[in-house]
Amino acid sequence: MVKNWNKYKDKKYYDHLCICGRRIKVKPHHKYHGIPKSCSGHNRRGKYQYQRETRTCTNPGCANTFECRVDSSQKYCSTECANRHDKPRKHGRWNFGLTKETDKRVAKQAKKLRGRRRGPCSEKTRRKIRTALEGHVVTEETKKKIKRSRAKQVRPPQTKGAKKKIGKANSKNMKRLWQDPNYIAMQMKARGVRPNKTEKFLTKLFQKLYPNQWKYVGDGQFILAGKCPDFVNVNGQKKIIELFGEHVHKPEEEQERTILFSKYGYQTLVIWFKELKNMERLIERVTNFSEVK
């Protein structure tokens, strides 16, 4: 048991240092086991491995000194100095906080740009531009073309009214584009539209029931009234079969699609996903639809 323990019990560190230069922390059990001569874990680190030295902070705006191990790579006195000087890319510029006196790259760049004019064009450059444009006349027809092209440009909306107006114009333009079969085919190809598992199953079923009479055209091969049907009859009959999913299509869309295609002389049969569970009923519907002229 340490006799003069009252001298150390209220302190955080002992007065003497470890041989490696570290301070020795005061702990309660030292009262019974004796005051140590080395810091905690000193033997694991190596007896003479961590000798310390005093260094000066390498940040140009700081001249503080700090203590560190001899083999340490520490260059700055604090994290603040390190973030301000050693990690400039956080601020978006590689040369943030660097000067030509402290960094060779900055000095090289400064020497390269020395004597160059910055800001507006020089009088010599202006003279060249003026000479190149001399005698150039913009005709009235060209002015009208520029005016028309600018009128077509969609500018960012400034008010709610302008936003609605632009939205209606874009909607009208897209509806017009989607009436063009070539545009729809191009979009289908770009999006990589191909038959899903259910459509492949129906293709095999139709081929089994009526060979070479039904063709899958849901990839944009056939466009009618701006719509892309799933199956069309290629045996001389104007008939269309659509596959609707309950999670995509609403019930009223069946009648709307039938009326739309009937304007062009096509009969339409709509098959819903839930009908695939009853194959007998499905085959009966397809047979009745195909055989009725």
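Any read-out appearing in this document is the output of simple, stated calculations on the displayed coordinates, not a laboratory observation. Being a predicted model, the structure only gives us computed values, none of them experimental. Quick reminder, even Gly has a Cβ in these numbers, built from the backbone with ideal geometry, and neighbours come from all protein chains shown.
By its C-alpha gyration tensor, with a ≥ b ≥ c as the square roots of the eigenvalues, how is the stretch 243-293 shaped: rounded for a/c under 1.5, else prolate for a/b larger than b/c, else oblate?
It comes out oblate by the Cα gyration axes.
Specify the longest stretch of the chain that does not include any exposed loop site, a site being one of the GluC sites (Glu not before Pro) with a non-H, G, I, E, B DSSP assignment and at most 16 other Cβ atoms within 10 Å.
Counting at most 16 other Cβ atoms within 10 Å as exposed, the longest clean stretch of the chain is 135-245.
Which number comes out as Rg/Rh for the chain once both Rg and the Kirkwood Rh are worked out on C-alpha atoms?
Using only Cα positions, Rg/Rh for the chain is 1.36.
Quick check: from the Cα gyration tensor, does the stretch 183-226 come out rounded (a/c under 1.5), prolate or oblate?
oblate
Using the number of other C-beta atoms within 10 angstrom as an exposure proxy, rank F201, F244 with the fewest first.
By the 10 Å Cβ count, ascending, the order reads F201, F244.
May I ask for log10 I(q)/I(0) of the stretch 107-232 at q = 0.10, 0.14, 0.21, 0.22 Å⁻¹, from a Debye sum over the Cα atoms as equal point scatterers with solvent left out?
At q = 0.10, 0.14, 0.21, 0.22 Å⁻¹ the computed log10 ratios are -0.71, -0.89, -1.19, -1.23.
Could you list C68, C81 in order of exposure, starting from the residue whose Cβ has the fewest other Cβ atoms within 10 Å?
C68, C81
What share of all Cα pairs of the stretch 5-45, in percent, falls into each consecutive 10 Å distance bin?
Answer for the stretch 5-45: a P(r) of 30, 56, 14, 0 percent.
Using a Gaussian network model of the chain whose springs link C-alpha atoms within less than 10 Å, name the residue from S38, S122, S262 with the highest mean-square fluctuation.
Between S38, S122, S262, it is S38 that shows the largest mean-square fluctuation.
Does the stretch 197-291 come out rounded, prolate or oblate, given a ≥ b ≥ c as the square roots of the eigenvalues of its C-alpha gyration tensor, rounded meaning a/c under 1.5 and, failing that, prolate meaning a/b above b/c?
rounded
Just order 144-152, 230-238 by mean Cβ neighbour count inside 10 Å, highest at the front, would you?
Most protected by this proxy first, the peptides run 230-238, 144-152.
For K104, go through the lysines and keep the ones whose alpha-carbon is under 26 Å away, minus same-chain ones fewer than eight residues off.
In chain and number order, the partners are K75, K87, K90, K112.
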